[in-house]
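The values are calculated or read from the model by the stated rules, or taken from the named source; none is laboratory data. Fair warning: this is a prediction, and the values are worked out from it, not measured in the lab. All Cβ positions, glycine included, derive from the backbone under ideal geometry; neighbour counts span all protein chains shown. Note: areas computed on protein heavy atoms with side chains; ligands, DNA, RNA excluded. Shrake-Rupley method; radii C 1.70, N 1.55, O 1.52, S 1.80 Å.
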Amino acid sequence: MQESTEAMTTDSHKRQRKKDSETNKRSAKQARKGSKTSAPKYNSMSIRQRIPKQSRKVRGKLGLLEDVPLEVILEIFRYLEPGDLLRLARISQELRDILMSKTSESIWYTARGNVEGLPPLPTDLNEPQYAHLLFEPYCHASLCERRCDDVLWNFRMRSCTKCPIKCLPLNDDAFKQDQPSEYRHRAVLPTEYLDKHGNWEIATRYKKEFYALKDEERGAWIDRKEKEYEEIRTHSIKCRRWLNAKLGERTYKLIQLRNERKEAILQRLEQIGWRTEAETMVKDYYRDTFTNHKLVSQPKKLTDHAWSCMEIVLVRMLSDYHAERSVRQRDEALKSRYGLLFNLFLQIESETDLRDPFPAAALVWDTPNDEWLDDSLCKSKLLEYLPSIIREWRPAKIQEVLEILRKSRPSATVSDLHLATSVFACSSCKVKVLHYPQMFYHRCCHQSSQSRNDKSLENYVLSKWYDPPLGLWMSNTLVYNDKGSQDITKIIKACNLDPKTTTAADLHLANPLIECLSCKFYGRHFMRWPYLPIQHMGHHFRVNSFGAEKAQILEKEIPTRNQQVICCSHCHNVVGPEIFSHLKKKHSDVAGMDTLPASGDFLQIREHWYWNPRAVEPSLYRPFLYIA
């Protein structure tokens, strides 16, 4: 019985303690609810009062308030800035009650004094609102998580660059028509972004205030609002300057921290032998991936742990850059060397008799690439190697042309290549007549590096349209022109020459006068021999059979304007029709050159010049019309 009584007593005590505990919890909860409404607060700031998720902290009790006297806490607050006080007010309800109280206004005033150059408190904001506008770096319009440093000072809000376009109305005619006519065109409503945007919230509030007044009070209200807006604009200018200066200081500090981290990384790279390569990359502006690397461009001090994580990544990046830079330097050196070789090659070619096939510049570019040659050494090396190169190249290429001729003349020899009846054509550009050695200077036979994928020429842009062509000579486009050979045989016979022995030079020397019988429009078409294959090959023609009419026809003959048809036999320069003056000035030491006239018949001095094999139409006369 006694044990039963004790058990009941124990259960009774447990129920009583549980009841007392629940009563205490309800009392504490009611006390907290009462404390929220008892302390005076500043008015809320509508959209500016909201806080983004990343700024919301878990609120709880602060043990400091229980152990430290309030006077000491208030003294600590005086050394903080308004932004710090604003963040402290979000930590706990007790701190919020203290800092949001009217009695703490002096604390906020002192905190504002701790910020150098901060403009004074405006009349339309209280201390927490002003601190919220100055030190909360998020967009009040969209509450986005990224940092926002754009402030619409006249609207007392922060906003991202794109948010005013979305949430603020344009200050256009439609916006103004919605306002009372009494102050529609006066400086009452704040505007932002060069007066392009207004604010519906402010406009609606002003409209309610305006219509709530009596008629005799509205004029004074408008004047007061204009004065207030002028004060806001003046204060906004000061705030904008202060914020720009603060952002500039912050940017400078971030740059300084990044530079310090970069220098620390360079010192670590110096210990492992990669600093020089990193500094070279930094100087290479367009390829500088080191400075902007996410591991380097951070406003943080370098730690041993951070370096151990980034060392392998940076060394791999610098190693790749070193390999790329080596290839690029080699390519640039080769390009420079190729340009030097090309200029020297042209100089040598201008002093060479082109009646013998001469290779293109690309032939000498297979020389060793691992040594740099200066101007004088390069020329001496080129003069040393070029004769042996030509001795190997010339017979092989002549044999290729001979094999093409032997497809039609199996018993042909090298001497047959010089015959006027040995006519070749180009299957690429459709040139119908090429005599030896014209095909060795024809553009289509010089293949570009792009079409041949020639690795020895990959460092220099080669094109068959260079003058002279640069690519290696190939016979792929050459074909034998049997029809052209038959037509030229007729011309040779008309000149009373033997087709089996007449060379192309002999036919040029004969210089026959030809009339195309197939072309009858606008008159009779006459030409000298080299022009026939251009447009009239395959036509019916007549050669040197004009009788007494020939003198009248020759009166209409027109000299050519082509200055590239004649080469001097002594210096091999291309001189054109000025061969007489050239011989007198440059080769007066040759017998009889000083007595030559200024001009005359070119055939009289035939031994002192030859037709330029590069010229497509080596003739001194142009085609002409004769109208009887």
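Within the accessible area of the stretch 477-534, what % is carbon and sulfur when the probe is 1.4 Å and the other protein chains stay in place? Walk me through the numbers on the way to the answer.
Numbers: 1460 of 2560 Å².
Ligands and nucleic acids excluded, carbon and sulfur give 57 percent.
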Q: For K102 paired with F624, estimate the spin-label separation in nm (one decimal), with each label point 7 Å from Cα along the Cα-to-Cβ line.
A: 11.6 nm
Q) Hey, what's the stretch 179-250 come to in accessible area per residue, 1.4 Å probe, Å²? A) 63 Å²
Q) Which pairs in the list K432/K500; K397/K586; K381/K584; K246/K283; K253/K294; K208/K238 are over 28 Å apart, alpha-carbon to alpha-carbon? A) K397/K586; K381/K584; K246/K283; K208/K238
**Q.** Two-site label geometry, D356 and E263: point separation in nm, points 7 Å out along Cα→Cβ
**A.** 6.9 nm
Q: Step through the residues of the stretch 504-521 one at a time and calculate ³J(HN,Hα) from phi using the Karplus curve (6.51 cos²θ - 1.76 cosθ + 1.60, θ = phi - 60°), rounding each to whole Hz and writing x for Gly and Pro.
A: 5, 5, 5, 5, 5, 5, 5, 6, x, 9, 10, 10, 8, 7, 7, 9, 10, 7
Q: Collect residues whose amide H, placed 1.01 Å from N in the peptide plane, falls under 5 Å from the amide H of E192; neighbours closer than 5 in sequence don't count.
A: H197
**Q.** Protection-proxy order for peptides 384-394, 107-117, each taking the mean of Cβ atoms within 10 Å per residue, highest first
**A.** 107-117, 384-394
Q: Could you list which residues have their amide H under 5 Å from that of T503, counting only those 5 or more apart in sequence or on another chain, with H placed in the peptide plane?
A: A420
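Order the peptides 574-580, 285-291, 299-305 from the highest to the lowest mean number of other Cβ atoms within 10 Å of their residues. Working shown, then result.
Details: 574-580: 17.9, 285-291: 13.3, 299-305: 11.3.
Order by mean packing, descending: 574-580, 285-291, 299-305.
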Q: Using amide H atoms built 1.01 Å from N in the peptide plane, name the residues 5+ places from R622, or on other chains, whose amide H lies under 5 Å from its own.
A: I558, T560
Q: Might you report the magnitude of the Cβ-based charge dipole of the stretch 71-153 about its Cα centre, with Lys and Arg at +1 and Asp and Glu at -1, to the nearest 20 debye?
A: 120 debye
Q: Ignoring everything but the protein chains, give the 1.4 Å probe accessible area of D215 in square angstrom, nearest 10.
A: 120 Å²
Q: Would you mind calculating the gained length between V68 and A220 on full extension (0.36 nm times residue separation, minus the Cα-Cα distance), in nm to one decimal?
A: 49.5 nm
Q: Pop a pseudo-label 7 angstrom from the Cα along the beta-carbon direction at both R316 and N244 and give the gap in nm to one decimal.
A: 4.5 nm
Q.
Within the stretch 495-519, list the residues whose amide N lies under 18 Å from a label point set 7 Å along Cα→Cβ of H540.
A. 514-519
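Run the numbers for L509 and N496: contour at 0.36 nm per residue of separation, minus the present Cα-Cα distance, in nm.
Working: separation 13, 0.36 × 13 = 4.68 nm, distance 1.30 nm.
Roughly 3.4 nm would be gained on extension.
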Q. Tell me, what HN-Hα J-couplings in whole Hz come from the Karplus equation 6.51 cos²θ - 1.76 cosθ + 1.60 at θ = phi - 60° for each residue of the stretch 122-136, using x for Gly and Pro?
A. x, 6, 9, 10, 8, 4, x, 5, 5, 5, 5, 5, 7, 10, 9
Q) Using the Karplus equation 6.51 cos²θ - 1.76 cosθ + 1.60 (θ = phi - 60°), what ³J(HN,Hα) coupling, rounded to whole Hz, does each residue of the stretch 101-107 give in order, writing x for Gly and Pro? A) 7, 4, 5, 9, 4, 5, 5
